[in-house]
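The values are calculated or read from the model by the stated rules, or taken from the named source; none is laboratory data. Model, not experiment: these values are computed from the prediction. Every residue, glycine as well, gets a Cβ built from its backbone with ideal geometry; the counts of neighbours run over all protein chains shown. The area values use the complete protein model at the heavy-atom level, side chains included, leaving out ligands, DNA and RNA. Shrake-Rupley method; radii C 1.70, N 1.55, O 1.52, S 1.80 Å.
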Amino acid sequence: MFNIVDELDFKAIEQKWKQKWADERIFEPDPEERKKWFGNAAFPYVNAPLHLGHGFTYTRIDVAARFKRMQGFNVLLPFAFHATGEPIVGVAERLKKGDEKQIKILLDSGIPKKDISKFKDAKYTARYWEKVIKKGFDNLGISVDWRRRFSTIDPCFNRFIEWQYRLLRDKGYVIQGTHPVVWCSSCQSPTGDHDRLVGEGESPVNYILLKFKLPSGEIIPMGTLRPETIYGVTNVWVNPDVEYVKAKVDDEIWIISKRCVEKLKDQLHSVQIKGKIMGKELVGKVCINPVLKNEILILPANFVSPENATGTVMSVPSHAPYDWIGLKDLMDNPKFLDKYGIDPEEIKIIKPISVVKTKGLGEHPAVDLCEELGIKNQNEIEKLDKATNLLYKKEFHQGILRENCGEYQGLKVSQVKDDLSTDFQKINAASEMWEASGEVVCRCGTKCYIKILENQWFLKFSDERWKQKTRECLRMMKIYPEDGRKNFEATIEWLQNKACARRSGLGTKLPWNKEWIVETLSDSVIYMAYYTIAKYINSEKIEPDQLNDDVFQYIFHGTGDVKKISEERGISKEVLQKMRKEFEYWYGFDLRGSAKELIPNHLTFCIFHHTAVWPDKKKWPKAFTVNGMLNIEGEKMSKSKGNFILLLEAIKKYGADATRMALMDSAEGLNDANFSERDVLSWRSKLSSFYGLTKKHYNKGNVMLKRPIDIWLISRFQDYIKKMTEHLEKVENRSALTYFHQMLNDLHWYLRRNEEKNKTVVNYALEVMTKFLSPYCPFVSEEMWKIMGKNRFVSLEKWPTSDESKIEEKILKQEDAFKKICEDIRHVIELSNKNKNLYLYVLEDKELLYLQQATSFLKSEFGFDGVKVLKTKDPKKYDPENKSKRAKFGKPGIYIE
RNA sequence: GCAGGGGUAGCCAAGUCAGGUCAACGGCGCAGGACUGAGGCUCCUGUCCCUUAGUGGGUUCCUGAGUUCGAAUCUCAGCCCCUGCACCA
């Protein structure tokens with residue numbers, strides 16, 4: 001076995017340049033005369049080390065920052081750490097309980113056994129991962145100004161959030177209200193998707209309860225999602241074996257399942273149980289349809305679950321497969337009916353009533369569907385559920401109410417559903433209740449239901465004035481790629497009030513109501529402004545107590561008397577003024593990067609909050625860049641698949657530069673990127689060989705007057721420089737990279753084409769290419785810059801600019817034609833199997849000269865003994881003597897012997 | 001289900017807005033050759049099929065239909081994939 005021999009010691013180079021950058025503090029910008037460029041990206045959550053997906057997003061913003069830096073901007077790229085919220089508290093709590101899984105996760109992350117217990121302290125966890133994460137950034141070569149680092153659990157940052165929320169509340173953007181959530185009665189908290197054993201993706205849905213009335217005055221509310229079917233009710237169903245309760249609900253007596261009582265209590269109803277009644281006691285009685293006022297028979301059915309809504313349902317056999325099959329079952333089992341003293345004749349006269357007309361479906365679609373699917377009885381739950389879903393969707397989207405639906409006839413089901421619900425409630429024919437869209441079981445094992453939370457704090461994203469400003473900001477912003485814009489637009493329109501406070505987890509307490517903690521998506525939307533002052537908070541050791549709204553108002557809005565604030569808060573006037581200046585200089589930020597999944601939440605919230613906090617449009621965000629997810633070898637990265645790659649591991653294995661190259665080359669735009677070992681290794685050797693090429697050819701040729709071929713290379717480069725710069729301006733890092741390949745191809749051609757190399761031209765090409773590589777693979781680029789004998793950092797060099805006056809179109813065309821001639825020659829050699837002598841017949845003097853200059857190249861390239869370029873006088877008449885008949889303008893005739 | 005994005009040769013991917021110059025840039029992989037003691041390094045050439053002294057022809061851009069002299073590109077319908085859908089980072 002042979003080892004892969006790299007010319008380059010990537011590790012040593014990385015170590016060396018990382019150190020030099022830090023020593024010379026070249027990524028620590030302060031306000032100055034030059035124009036600024038402020039880039040940032042969504043900060044990492046500190047419960048795990050960075051993985052390759054982080055590397056992808058962060059390298060993208062770093063390439064942009066490094067590019068801008070070389071363009072001469074004063075560039076700021078800061079990072080901080082996100083620690084607020086539930087997850088790291090969750091780790092601590094699970095450890096306290098001795099959770100084996102959690103212990104294993106930490107051990108797998110490389111934490112020694114003796115240190116595990118330290119992670120019972122959430123703050124320790126946060127600080128621990130901060131260190132590991134920072135190392136990830138540094139090893140990857142992200143050009144971060146660490147003087148501005150902070151964590152969202154720093155008390156000083158908490159003051160900042162307090163200021164933000166007081167300000168928003170004063171503007172009327174933080175309000176109180178009620179809100180339905182999936183609830184675990186055991187944990188006494190909302191059960192988010194990630195907290196569920198069963199039911200990921202299930203959410204609250206609003207049932208309408210139709211109030212059927214017994215002659216005695218008691219109400220049997222029937223839950224449904226299809227209020228229009230009230231017009232098609234033929235009977236109602238109760239489960240004969242279930243014990244129902246009579247309960248006083250607000251001012252009425254309802255007959256409902258026990259489970260329903262608990263739910264209604266948590267949905268803002270007062271509920272008192274007054275008595276019990278078995279389902280079978282109700283069977284055979286009649287009740288009144290609350291809308292049509294006709295008498296309806298109560299029948300028994302086992303498919304009715306006490307777990308769902310009220311535990312009783314109305315029967316609409318024309319449109320509900322369960323109901324049709326239920327009736328059929330009864331007709332097939334007269335004995336069962338006899339048990340309840342019901343005359344089978346009473347069932348036989350029940351006929352389905354159609355209330356919805358749908359294109360492509362018959363009068364009684366449920367009946368047809370049951371037949372089609374061959375459903376025999378109500379035990380075929382799978383088929384029945386399938387049929388129900390199918391019919392519900394089709395009728396909801398395409399169905400039109402029939403003439404028996406009163407004032408709603410002729411309207412579409414989808415249009416009229418909400419109106420029906422409110423109208424029925426107005427006449428007290430209906431009420432409503434919330435139910436989960438499917439079964440949800442909490443991680444603790446408890447079955448969840450829907451609770452309506454009261455006095456919940458909301459960000460009023462529904463506010464039209466606020467939306468208007470947000471739209472305006474978005475219009476002014478650049479979105480890279482532009483395809484992402486529609487997603488933002490749709491989100492702004494769709495966004496409703498968003499709960500912004502929680503009861504548990506780490507975070508900033510709501511300043512006016514300390515029982516609540518600002519929710520973590522809501523405390524991470526304007527923190528980029530905090531970077532501008534964190535430098536002073538850190539260096540001046542400012543204490544949280546010294547920070548209050550006056551301080552922040554002065555810094556961020558320039559209001560108040562500095563002298564007074566300085567005296568009151570014990571922060572020197574100079575420092576306050578510097579902080580103010582720093583903010584004024586850097587803000588608003590020029591580019592923020594993140595993964596595309598944050599568009600509908602974090603990034604859109606970010607726009608909302610900025611427009612609310614800063615009326616001055618100059619402080620608004622200027623651009624976002626979003627990227628797709630990073631796949632590994634074509635598959636989604638996940639721990640269970642075993643293809644989870646930690647950033648530090650990848651760097652160790654492949655080197656930082658090769659990793660960065662592979663990431664940047666993998667995709668751009670909203671498409672998912674793919675990282676493969678093949679590609680990263682290929683980049684590793686490509687970098688190595690380019691380094692070798694540089695070493696071999698830099699400063700090695702002769703100084704001479706420029707020949708056409710020299711001008712050709714320079715001309716080609718002008719176009720590449722222009723295009724790659726344009727792509728980088730749009731954060732199209734992958735597209736820009738293709739021009740590196742083109743440059744390399746051209747340089748190879750140039751070197752092959754000439755025995756004599758023009759030193760000036762080769763040096764120019766290598767310098768341009770090294771500068772161009774620098775944002776992508778900064779370590780190797782610095783090293784190459786050094787072997788070129790340069791003393792400055794290439795990271796701080798001036799970005800190449802294209803000079804159109806250097807482009808000579810004629811020469812470009814000539815060389816293109818020449819390449820084509822070479823292709824033709826190659827083709828003819830192949831077909832003829834001869835390569836002794838080459839004759840080229842041309843029509844023009846210019847062409848003659850150009851080709852004559854290339855004879856030695858043609859000899860060495862194809863192995864000819866002799867090459868002759870001849871001029872023909874008249875292509876038409878020349879024919880007899882010309883051995884090749886194909887000479888045309890711009891295209892010589894070729895003869896080979 | 002709703003909203004946004006997407007489906008291009010073995011793989012990744014440009015081209016689609018402004019229809020022809022597109023058998024379709026580039027990279028990876030693969031094949032042959034050069035270099036080499038030897039190479040998995042590097043360089044050159046090729047890479048839909050057939051044919052050929054530098055050519056000519058056939059069939060392609062998710063599927064189906066349409067507009068057009070002409071469609072990867074425009075219209076309609078369908079299938080599939082990715083992301084988000086809220087109190088969760």
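Residues in the stretch A:409-443 that are surrounded by 13 or more Cβ atoms within 10 Å (Cβ to Cβ), farther than 30 Å from A:V174 by Cβ and hydrophobic (A, V, I, L, M, F, W, C): A:L411, A:V413, A:V416, A:L420, A:F424, A:A429, A:A430, A:V441.
A:S781 falls short on exactly one of the conditions (1) within 16 Å of RNA strand B (Cβ to nearest atom); (2) crowded, with 17+ Cβ neighbours inside 10 Å; (3) not acidic (D, E), and that condition is (1).
Just one of the listed residues (A:H602, A:H610) is under 25 Å from A:K68 (Cβ atoms), part of a helix (DSSP H, G or I) and out of contact with any helix residue (DSSP H, G or I) (no Cβ under 8 Å at 6 or more places or on another chain), namely A:H602. Pairs linking a residue in the stretch A:665-685 that is closer than 16 Å to A:L647 by Cβ and open to solvent by 40 Å² or more (accessible area, probe 1.4 Å) to a residue that is part of a helix (DSSP H, G or I) and at pLDDT 90 or above, with Cβ atoms under 9 Å and 6 or more positions apart or on different chains, are A:E677/A:K653; A:E677/A:Y654; A:E677/A:A662.
Residues satisfying the criterion are present in the stretch A:730-750 (criterion: away from RNA strand B (no atom under 12 Å from the Cβ), within 23 Å of A:T625 (Cβ to Cβ) and either of a type in the set (V, I, T) or in a helix (DSSP H, G or I) (or both)). One residue alone among A:S504, A:S522, A:S462 is hydroxyl-bearing (S, T, Y), at pLDDT below 95 and under 30 Å from A:V731 (Cβ atoms), and that residue is A:S522. Against the numbered list (1) more than 16 Å from RNA strand B (Cβ to nearest atom); (2) of a type in the set (D, E); (3) open to solvent by 20 Å² or more (accessible area, probe 1.4 Å), A:E202 comes up short only at (1). A:R34 - would you say it is among the basic types (K, R) and under 24 Å from A:L663 (Cα atoms)? Against the criterion (among the basic types (K, R) and under 24 Å from A:L663 (Cα atoms)), A:R34 does not qualify.
Within the group A:E755, A:E809, A:E815, which residue is at pLDDT below 90, within 16 Å of RNA strand B (Cβ to nearest atom) and open to solvent by less than 10 Å² (accessible area, probe 1.4 Å)? Result: A:E815 is the single residue among A:E755, A:E809, A:E815 that is at pLDDT below 90, within 16 Å of RNA strand B (Cβ to nearest atom) and open to solvent by less than 10 Å² (accessible area, probe 1.4 Å).
Taken over the stretch A:450-484, the criterion of being assigned to a helix (DSSP H, G or I) and open to solvent by less than 40 Å² (accessible area, probe 1.4 Å) is satisfied by A:W466, A:K467, A:T470, A:C473, A:L474, A:G484. With respect to A:L603, determine if the residue is within 14 Å of RNA strand B (Cβ to nearest atom) and either in contact (Cβ under 8 Å) with a residue 60 or more places away in the chain or more than 16 Å from A:Y527 (Cα to Cα) (or both). In short, yes. For A:V313, the conditions (1) open to solvent by 10 Å² or more (accessible area, probe 1.4 Å); (2) farther than 30 Å from A:D266 by Cβ; (3) touching a strand residue (DSSP E or B) at 6+ places or on another chain (Cβ under 7 Å); (4) among the aliphatic types (A, V, I, L, M) are fulfilled apart from (2). Taking the stretch A:688-704 as the range and being touching a helix residue (DSSP H, G or I) at 6+ places or on another chain (Cβ under 7 Å), charged (D, E, K, R) and within 12 Å of RNA strand B (Cβ to nearest atom) as the test, no residue passes.
Within the group A:C442, A:C473, which residue is modelled with pLDDT under 90 and either out of contact with any Phe, Trp or Tyr (no Cβ under 7 Å at 6 or more places or on another chain) or within 26 Å of A:D616 (Cβ to Cβ) (or both)?
Going through A:C442, A:C473 in turn, the sole match is A:C442.
If you go through the stretch A:588-613 and pick out every residue that is under 26 Å from A:I542 (Cβ atoms) and either surrounded by fewer than 19 Cβ atoms within 10 Å (Cβ to Cβ) or at pLDDT below 95 (or both), you end up with 1. Screening the stretch A:168-199 for residues that are part of a loop (DSSP other than H, G, I, E, B) and crowded, with 19+ Cβ neighbours inside 10 Å and picking the one that is nearest to RNA strand B (Cβ to nearest atom) gives A:T191. Taking A:F857, is it at pLDDT 85 or above and within 13 Å of RNA strand B (Cβ to nearest atom)? Considered against the rule, which asks whether it is at pLDDT 85 or above and within 13 Å of RNA strand B (Cβ to nearest atom), A:F857 comes out as yes. Residue count for the stretch A:825-840 satisfying the condition of being modelled with pLDDT of 85 or more and buried (at least 16 other Cβ atoms within 10 Å of the Cβ): 6. Considering only residues that are assigned to a loop (DSSP other than H, G, I, E, B) and open to solvent by 60 Å² or more (accessible area, probe 1.4 Å), look in the stretch A:6-41 and name the one that is nearest to A:D590 (Cα to Cα). The residue in question is A:K35.
A:L648 satisfies every condition listed in (1) assigned to a strand (DSSP E or B); (2) touching a helix residue (DSSP H, G or I) at 6+ places or on another chain (Cβ under 6 Å) except (1).
Considering only the stretch A:759-773, I want to know if a residue exists there that is touching a Gly at 6+ places or on another chain (Cβ under 6 Å) and either farther than 24 Å from A:M70 by Cα or in contact (Cβ under 8 Å) with a residue 24 or more places away in the chain (or both).
Initial filter on the stretch A:759-773 (touching a Gly at 6+ places or on another chain (Cβ under 6 Å)): A:759, A:762.
Those still in the list that are either farther than 24 Å from A:M70 by Cα or in contact (Cβ under 8 Å) with a residue 24 or more places away in the chain (or both) too: A:759, A:762.
Yes, some residue in the stretch A:759-773 is touching a Gly at 6+ places or on another chain (Cβ under 6 Å) and either farther than 24 Å from A:M70 by Cα or in contact (Cβ under 8 Å) with a residue 24 or more places away in the chain (or both).
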